[in-house]
Amino acid sequence: MLFAGADIASTFIQPDLIDEYQIIVNPVILGGGKPSFGDVKYRLKLLETRTFSCGYAILHYQSLKN
C-alpha cells in the first residue's frame, strides 16, 4: 500500500510495480497543478466505485500490464 503524492507514485509506476489503484476524486476545480501520474499511459480496468454524500468518489482500478 502506498499513500503518496505525484513524485513518489511515479517512482513506482514507471517500473510497473503497482497492481491496483484506488483514486479519491474530490470534486473541486483547480486552475493548475502537477499531473498525478507523470507522462505515462497505462491501461486500467475499473473494478469498483464508491460515492459519498460529501461528493467524494473512490475509483478502484486494476492495472492491465502493458
Problem set entry | Unique match (being exposed (fewer than 10 other Cβ atoms within 10 Å of the Cβ), of a type in the set (Val, Ile, Thr) and without any contact (Cβ under 8 Å) to a residue 60 or more places away in the chain) among 29, 58 | 29
Exercise. Hey, any hits in the stretch 32-51 for a residue that's part of a loop (DSSP other than H, G, I, E, B) and at pLDDT 85 or above?
Worked result: no
Problem set entry | Every residue from the stretch 7-26 that is at pLDDT 85 or above, loosely packed, with under 12 Cβ neighbours inside 10 Å and either touching a strand residue (DSSP E or B) at 6+ places or on another chain (Cβ under 8 Å) or part of a helix (DSSP H, G or I) (or both) | 19, 24
Exercise. Would it be correct to say that residue 40 is out of contact with any strand residue (DSSP E or B) (no Cβ under 8 Å at 6 or more places or on another chain), touching a residue at least 12 places away in the same chain (Cβ under 8 Å) and surrounded by 11 or more Cβ atoms within 10 Å (Cβ to Cβ)?
Worked result: yes
For this session: Kindly establish whether residue 57 is at pLDDT 90 or above and among the small types (Gly, Ala, Ser).
Result: yes
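The values are calculated or read from the model by the stated rules, or taken from the named source; none is laboratory data. These numbers come from a predicted model, not from an experiment. Methodologically, a virtual Cβ is constructed for each residue, glycine included, from the backbone with ideal geometry; neighbour enumeration extends over all protein chains shown.
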